[in-house]
Each structure stands twice: as C-alpha cells, then as structure tokens.
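Please treat every number below as a calculation from the coordinates, not as lab data. Computed from a predicted structure; not experimentally measured. Cβ coordinates were reconstructed from backbone atoms using ideal geometry, including for glycine residues, and neighbour counts include every protein chain displayed.
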Amino acid sequence: MSSNKINLSLVLSASALAVVVYGTFFKQGSSEVSVVNAASDHENTQQWGTRSDNDDVDTEILELRRYILDLEERINNIQYSQKETGTVAGVSGNFADAVLEVLENKEQKEREKLREQNPMYGFYEDLPEDYEIRIKTDPEYARQVGKDLKRQIIDENLPVMDRLAAMSQLQMTMFMLNKTEMPEYDYEAVDAILKISKNSSDDKVKIQALEVVAHTPVADPRVSDSFVTMLEKEQNDYIRSMAAEGLVAQYYKAQSKQPEYSKKVAEDILALYDNAPDAKLKQLLESIIGDERMLEELRNSANP
C-alpha cells in the first residue's frame, strides 16, 4: 500500500469531518439568526440563544477542532515514519486497493465498449508496448509489418473491419516513421479500401472506409476518378464532402511531381462545378473551393 493511499484516506476523513463541523455550525447559526429576526423588536431577547446553549456549541466546536488537529498529527507521524523506516503502515490499504481495482475494471470495460463501437481502431490495444520504437529502430521489422498489413488490406476474405484496421495501422505506422509514402501504401491498398466504401450498403462502413483514404498520399488518376464517381452518384452529404476534399487533395498532391495529373484533376473539379447536377453539390464545391482566387487557379491549371 502506498503512502498516497494512506494520506488520501486520512485527508478524506479530515475533510469529511470538516464539512460536518461547518454544516453543524452553519445550521445552528442559521436557526439562531431566524430567532433573532423573529424577535428583533424585543431588545432584551437573547440574539444567539441562551448562554448555556452558546457554551455547549463552543465546547463541541473545540472538541471537533482538537479531533481534526489530531488527524493532521497522525498524517505527519505516518509520513515521518515512512521516511525513517521505508515501511508503510495503516489499515486503509485494503479499501484503497479495492477502489483502485474498481476504477481499473471500469476503465477496461470502457475500452471494450469503445472497441465494440469502432472496431476499426481496436488494433491500438493489441500493439506491443515497444511497437513505435521498434519500427523506428529496426528497418526489417518495419518492412515486415508493412507487408503483413498490406496483405490484410487486400484480402477480401477477411472481415471488412479487420481490413480497415490494417489500413489505419499502416497509415499510423507511416506517420510514426515520418514518411509521406511507403512501398506497401500503394494504389492497390487504397483501391481496396475505396472498393469497400463504394460497394458497402452500410453507410457507417462506407464513411469509415472513405475517411481512412480521403487524404491518401497516393496521387493516382484512378483515385480521383473514384472521388468524382462518389460526387456524382452518392446521396449522403457527408460522403460527398469527403470525396470533394479528397479530390482537391489529389490536385495539390500532384502539382509538383505530376503536372499533367494535376491538370486533369483541375478539369474534373471545374466540370463538376460548372455542371453540378444538383444545388447541394454546387454549394459543396463552392465551400471546398473557397473563393475566386482558388477558382481562378483551377481555371489556369486546366487551361495553361
């Protein structure tokens, strides 16, 4: 049992006692003030009760104060004893240990609940404690992790959530390594997740899959084509907004290294903007583009 647990128990006892003292005194004072108010027109009325009543209250308060001081002295003695002997004494340890156990069980149940609600991120609980340092210091380990995750992502026989979890872990691993690309994080992996989003009938799955790859670092015309299709055919406003963000992200990612692809994406965005099939899509694209400056940039990129 740690000294903190003992001190905590004694402090709680002292605090609780102090509250009782304050509550008792305040209640007594309040009732006596009421008496004073009710009898204020009688100058000879005793404003704080009888003398004997005051004596009794004062005596009780003094006794309670002595008790609090005694508790404080006990705390100081325990702290001194621990410093001198290195041992821990007290009878409150079992209670403190029980409280800690309850808190630990509650935390575990909360983790399990979160994992059930969003199994895509359940892999966090299964990672080795030294995961981050190993992938940063052991290149072979990092390569093997990447290969294993890629294999899970493209395996259509695995549950969808396992595949999404693998993609999330691969992306997290890439960020941990401070990289903008990895051999295993390629178009094949991104396309596997995009197909989950496009083919699922469950909006929750569609959204989770799209969120993982909407801002993918993989710049590929086939990725932008998928986003264009979602903007044209999807009815869910959030899925459309994520697809629009993904399309604009592809435009920027391609600018420096793939000018022709960047030009194509600019053309796709403008085609959707100028010929939006519905008012909602037009409004969405206006909010994504932002202002006339960005619109002019897109037009210049599409028609250099």
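Loop-located chymotrypsin sites (Phe, Trp or Tyr not before Pro) across the stretch 186-263 with a Cβ neighbour count of 16 or fewer within 10 Å are lacking, with loop assigned by DSSP. Kirkwood radius for the stretch 261-304, taken over all pairs of different Cα atoms as the inverse mean of 1/r, rounds to 10.4 Å.
The Stokes-Einstein estimate for the stretch 113-232, based on a Kirkwood radius over Cα pairs and taken at 4 °C with 1.567 mPa s viscosity, is a diffusion coefficient of 87 µm²/s. Anything over 25 Å Cα to Cα? Flag those among Lys204/Lys263; Lys204/Lys233; Lys147/Lys204; Lys150/Lys179; Lys150/Lys204, in the order listed. Long pairs (Cα-Cα over 25 Å): Lys204/Lys263; Lys147/Lys204.
Taking a ≥ b ≥ c as the square roots of the Cα gyration tensor eigenvalues, with a/c under 1.5 meaning rounded and otherwise prolate when a/b beats b/c, else oblate, which class fits the stretch 147-304? It is oblate, given that a/c is not under 1.5 and a/b is not larger than b/c. Considering the options Gly246, Ser224, Pro259, tell which one lies farthest towards the positive end of the dipole of the stretch 173-271, charges being +1 on Lys and Arg and -1 on Asp and Glu at the Cβ, about the Cα centre. Positive-end residue among those listed: Pro259.
Applying 1/(1 + (r/R0)^6) with r as the Cβ-Cβ distance of Glu156 and Gln255 and R0 = 35 angstrom yields a FRET efficiency of 0.55. Each Cα pair under 8 Å and six or more residues apart adds its separation to the average, and for the stretch 165-255 the resulting relative contact order is 25 percent.
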